[in-house]
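Visitor: Quick one: this structure, given as structure tokens, is what I'll be asking you about.
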Amino acid sequence: MELTLISINALICIIIILLILGIIESRLHINAINKIPIRIHVNGTRGKSSVVRLIAAGLREGGLQTFAKTTGTIPRIINEKGKDLELHRLRSATIGEQIKLIRFFGKKSPDALVMECMAVNPQYQWISEHKIVKSTLGVITNVRRDHVDEMGSTIEDIAYSLSNTIPFNSKVLTSEQLSLKYLKNIANQRNSKIINSTDYNVDSDYMDKMPYLEHKENVNLALAVCEQVGIKRKKALDGMLKTKPDPGALLIWNLENNKKFISAFAANDPDSTFKVWELIKLKEKNKTCFFLNSRDDRRYRTNQLIDLVLNRINPDLFIIRADNVEARIAKHGNKTKIKNFTMKSNQNDVINYILELNQYTIVGIGNIVGWGEDFISRLKKFKI
């Protein structure tokens, strides 16, 4: 009986200690947030890292001390001077990372913080916004069919999942068109206003000045955010021209034998990949080659991208690194030349094949993590 009472008392003490620690942590987090007057939380299917960088560059040019954090191809902190600092994780990524970083940023007392939402699960997206970032301005880049296992299989499901980061009593900016009504519905419920970035249009001459290949809708959206914060249009646009691209951004390299390589691995869903093609097809006069780097655990995505390339793009050459895709390819029955490497193929096998091509524009799509990163690093040695 005495042991039972001791055990109960010990359990009560542990619970009380945990509650006290929880209250202390909560107050420390709130204090950190209160030291950052402008907090911008960027969510969406594609373009989040790029939009974070563009917004931060525009705010810095407008005179605001701004920190940013991306969770794209390689997680980064962008400091108040625009310098990239790579984040080294000792374990798998969790949204708790955002809490520690906000504590770090709060000590700097910046004018603004721009954070990419790192959550995919709808519940974690809610927690990221309403418990961690507590944004003063929300951003949803777009709504596309991706992460269907976590967010749902329909565009409506995905729109409602992404809307978990819409703040209360504020504004949310988006470049999304097709799913705008779903986002508006949630925004209205939270007494927030949706602002569509289509009214903040930049011209083609400006886009030609960008230091890397960027989607126009990303620049429009970043400009809309900057103007909402109070930055003059010219200042914001001048700042964006100084943006350092994300490691997963669209990069173009010239290779020997009149070839170009375009890294579009970050656009690893069909809709985004096709938008990349629309962006580059009018500018390229070479023969076209697509290189798909697949993942064994994403067979559905591999099939989607094969269908896209062979149905809608129809390049002169299609290089695929994947196993057991012969039947998928055969069903299309078109005249595109196919070169299939197995998953056991190393980077040099593919690179040597690419280097033998003449007068081709090669577009890399699919997965960049791991094998893809090493492939890019090795191929970069041959750029001229």
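Visitor: Name the residue, out of Lys107, Lys69, Lys100, Lys131, that is at negative phi and not in a helix (DSSP H, G or I).
Guide: Criteria check complete, one pass: Lys69.
Visitor: Return a yes/no flag: does the range 285-300 have any residue that is over 24 Å from the mean Cα position of the chain (by Cα), loosely packed, with under 14 Cβ neighbours inside 10 Å and assigned to a helix (DSSP H, G or I).
Guide: no
Visitor: Next question. Within the range 94-105, is even one residue closer than 16 Å to Leu64 by Cα and either at pLDDT 90 or above or assigned by TED's automatic domain parsing to the domain that holds Val225 (or both)?
Guide: Yes; the residues of the range 94-105 include at least one that is closer than 16 Å to Leu64 by Cα and either at pLDDT 90 or above or assigned by TED's automatic domain parsing to the domain that holds Val225 (or both).
Visitor: Take Ser50 and decide whether it is touching a residue at least 60 places away in the same chain (Cβ under 8 Å), surrounded by 11 or more Cβ atoms within 10 Å (Cβ to Cβ), assigned to a helix (DSSP H, G or I) and small (Gly, Ala, Ser). Spell out the reasoning first.
Guide: On the way: touching a residue at least 60 places away in the same chain (Cβ under 8 Å): yes; surrounded by 11 or more Cβ atoms within 10 Å (Cβ to Cβ): yes; assigned to a helix (DSSP H, G or I): yes; small (Gly, Ala, Ser): yes.
Yes: the conditions hold for Ser50.
Visitor: For the range 123-169, how many residues meet the condition of being surrounded by fewer than 16 Cβ atoms within 10 Å (Cβ to Cβ) and among the hydroxyl-bearing types (Ser, Thr, Tyr)?
Guide: Residues meeting the conditions: 2.
Visitor: Separate question: Just to verify a result, which residue in the range 170-192, among those that are among the β-branched types (Val, Ile, Thr) and within 19 Å of the chain's Cα centre (by Cα), is surrounded by the most Cβ atoms within 10 Å (Cβ to Cβ)?
Guide: Restricting to residues being among the β-branched types (Val, Ile, Thr) and within 19 Å of the chain's Cα centre (by Cα), the top hit is Thr174.
Visitor: Would you mind finding the one in Ala222, Ala249 that is farther than 23 Å from Ser377 by Cβ and in contact (Cβ under 8 Å) with a residue 40 or more places away in the chain?
Guide: Matching residue, one of Ala222, Ala249: Ala222.
Visitor: Of the residues Gly58, Gly63, which is at pLDDT 95 or above, small (Gly, Ala, Ser), part of a loop (DSSP other than H, G, I, E, B) and within 19 Å of Glu227 (Cα to Cα)?
Guide: Testing whether each residue is at pLDDT 95 or above, small (Gly, Ala, Ser), part of a loop (DSSP other than H, G, I, E, B) and within 19 Å of Glu227 (Cα to Cα) leaves just Gly63.
Visitor: Residues to consider are Ile132, Ile127, Ile95; find the one that is more than 15 Å from Val42 (Cβ to Cβ) and of a type in the set (A, V, I, L, M).
Guide: Ile127
Visitor: Something else now. Of the residues in the range 318-335, how many are closer than 26 Å to Glu284 by Cα and surrounded by fewer than 17 Cβ atoms within 10 Å (Cβ to Cβ)?
Guide: 4
Visitor: Scan the range 263-289 for residues that are under 16 Å from Ser49 (Cβ atoms) and among the hydroxyl-bearing types (Ser, Thr, Tyr) and jot them down.
Guide: Ser263, Ser272, listed by residue number.
Visitor: Right, here's the next one. Tell me, please, whether a residue that is in contact with a Gly (Cβ under 6 Å, 6 or more places away or on another chain), charged (D, E, K, R) and under 23 Å from Lys235 (Cα atoms) can be found in the range 61-84.
Guide: Yes; the residues of the range 61-84 include at least one that is in contact with a Gly (Cβ under 6 Å, 6 or more places away or on another chain), charged (D, E, K, R) and under 23 Å from Lys235 (Cα atoms).
Visitor: Could you look through the range 193-216, keep only residues that are modelled with pLDDT under 90 and of a type in the set (S, T, N, Q), and pick out the one that is surrounded by the most Cβ atoms within 10 Å (Cβ to Cβ)?
Guide: Checking each candidate, the answer is Thr198.
Visitor: Just one of (1) in contact with a Leu (Cβ under 9 Å, 6 or more places away or on another chain); (2) at pLDDT 90 or above; (3) of a type in the set (Phe, Trp, Tyr) trips up Phe168, so point out which.
Guide: Against the list (1) in contact with a Leu (Cβ under 9 Å, 6 or more places away or on another chain); (2) at pLDDT 90 or above; (3) of a type in the set (Phe, Trp, Tyr), Phe168 comes up short only on (1).
Visitor: Filter the range 267-280 down to the residues that are closer than 23 Å to Tyr353 by Cβ and out of contact with any Ser or Thr (no Cβ under 6 Å at 6 or more places or on another chain), then identify the one that is modelled with the lowest pLDDT.
Guide: Once the filter is applied, the top-ranked residue is Asn268.
Visitor: Among the residues of the range 323-335 satisfying the criterion of being in a loop (DSSP other than H, G, I, E, B) and not β-branched (Val, Ile, Thr), which is nearest to the chain's Cα centre (by Cα)?
Guide: Asp323
Visitor: Any idea which residue in the range 336-366 is surrounded by the fewest Cβ atoms within 10 Å (Cβ to Cβ), counting only those that are over 26 Å from the mean Cα position of the chain (by Cα) and in a helix (DSSP H, G or I)?
Guide: The extreme case among them is Asn352.
The values are calculated or read from the model by the stated rules, or taken from the named source; none is laboratory data. From a predicted model like this one, the values you see are computed outputs, not experimental measurements. Note that each Cβ is placed from the backbone with ideal geometry, even for glycine, and that neighbours are counted across all protein chains shown.
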